[in-house]
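Below: the structure, in C-alpha cells.
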Amino acid sequence: MNTRITTGMLQRGVLADLNRANTRLARTQAKAASGKEITRPSDDPFATSRALALRTSREGTRQYQRTISDARGWQETAEQALGTMTNDVQRVQALVIQAGSDVMDQQSRQGILAEIKQITEGLKQEANASYRGRYVFGGTKSDVPPYQAGATDAYGGDAQQIYRQVGPGVALPINITGDNVLGNGQGAGDNMLLHVLRDIGDHLAAGDTSSLRGTDLDRLNKNLDQLLKVRADNGAMTNRLEAADSRLQQIEETETTLLSNTEDADIAKTMIDFSSQSAAYQAALKSGANIIQPSLMDFLR
C-alpha cells in the first residue's frame, strides 16, 4: 500500500524541523548572552542541584570569613590597648626606680605621684577600649565599661570567654578580660596592677623608699610580665585566626572554581555552536522554501 505524502504533511514536517532548529538556536543564544551553561533547572537537573549545593557551601565559608574578620578586629583593638598599657607600665617602672632613690626629695616624689595617678586613669581608660560599640575587656558584659574613672577600681565586667565560630565545629575564644590585666580593686591579697599602683601612690606620699625599691618594684615587674604574657596569648590567637582565614580563602577559591566548572558556559564553544546552528537554521529556511512550492490553491485563496 502506497502512502501519499501531501503538501500539508510536507509543510508540517518542515515547520517542525524549523521550530526545533530555532529552539536550539535560541537556547544557545541565551547561553552566550548569560555566560551560563544552566539558565533554568530543566537544562540539567543534576548540575543544578550540584550548583545549589556549592553556592550554599561557599556562602557558609564566606560567613566564617566574616566572623574571623570581626574577631581579628576585636583582637587588634585589644592589642592596641595592651600596647599602650605596656608603655605606661614601663613608664611607671622608670618612675618608681627614680622615686626609690634616697637622694630624691619629697617634693619630686609628689610630682611622680601626680604623674602615676594620671597613668592609672589612662590605664583604666585603655581597659575601656571598644570595638563596634562593645567593650573588648568586659567579658560577656560587653555593654558596660569594665572600669569607672576615679578612685574606684572594681572590675565591672565578668570573667567569661567570648567565642567565635571559625569553621565547622571549631570555636575559638577571642577576648581578654580586664581583671586578668588590671585586677579587681584593692582586695586582700590582690597583687594585680591597679592595686600595685595604688600602693605605690601611698608609699610615694609617705616617702617610703624602702617599699618603693623593694616590694613595689618587684610586684610591678611581675605585672609587666603578666601584661606581656597576655599580649603573647592574644598574638597567638590572632595567628590562629589568620591561619583559619587563609584556609577558608583556599576553600572559597576551590568552591568558586567548581561552581564555575558546573554552571559557566564555555564561551568559545558556545559561539562556535551558535554560528553553526545559525547557519543550519538559515539553510533550513532556504531548503524549506524550495520544498514547499506554491500551489494553484495558494493563488486562488
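Screening VAL166 on (1) surrounded by 14 or more Cβ atoms within 10 Å (Cβ to Cβ); (2) at negative phi; (3) without any contact (Cβ under 8 Å) to a residue 40 or more places away in the chain shows it passes everything except condition (3). How many residues are open to solvent by 90 Å² or more (accessible area, probe 1.4 Å) and at pLDDT below 90 when one looks only at region 46-71? Residues in region 46-71 being open to solvent by 90 Å² or more (accessible area, probe 1.4 Å) and at pLDDT below 90: 4 in total. Remark: pairs (first residue in region 64-89, without any contact (Cβ under 8 Å) to a residue 40 or more places away in the chain; second residue among the aliphatic types (A, V, I, L, M) and in a helix (DSSP H, G or I); Cβ separation under 8 Å; 6+ apart in sequence or on different chains) = ASP88/ILE119; ASP88/LEU123. So in region 252-269, with the set limited to residues that are surrounded by fewer than 18 Cβ atoms within 10 Å (Cβ to Cβ) and of a type in the set (Val, Ile, Thr), which one is modelled with the lowest pLDDT? The selected residue is ILE267. When region 85-97 is filtered for residues that are loosely packed, with under 15 Cβ neighbours inside 10 Å and either more than 42 Å from the chain's Cα centre (by Cα) or within 14 Å of VAL230 (Cβ to Cβ) (or both), only ILE97 remains.
Can you name every residue in region 114-134 that is buried (at least 19 other Cβ atoms within 10 Å of the Cβ) and over 27 Å from the mean Cα position of the chain (by Cα)? Passing the criteria: ILE116, THR120, LEU123, LYS124.
The values are calculated or read from the model by the stated rules, or taken from the named source; none is laboratory data. Keep in mind it's a predicted model, so treat the numbers as computed, not measured. Here Cβ is always computed from backbone atoms with ideal geometry, including for glycine, and neighbour counts include all displayed protein chains. SASA here: full protein model, heavy atoms, side chains in, ligands and nucleic acids out. Shrake-Rupley method; radii C 1.70, N 1.55, O 1.52, S 1.80 Å.
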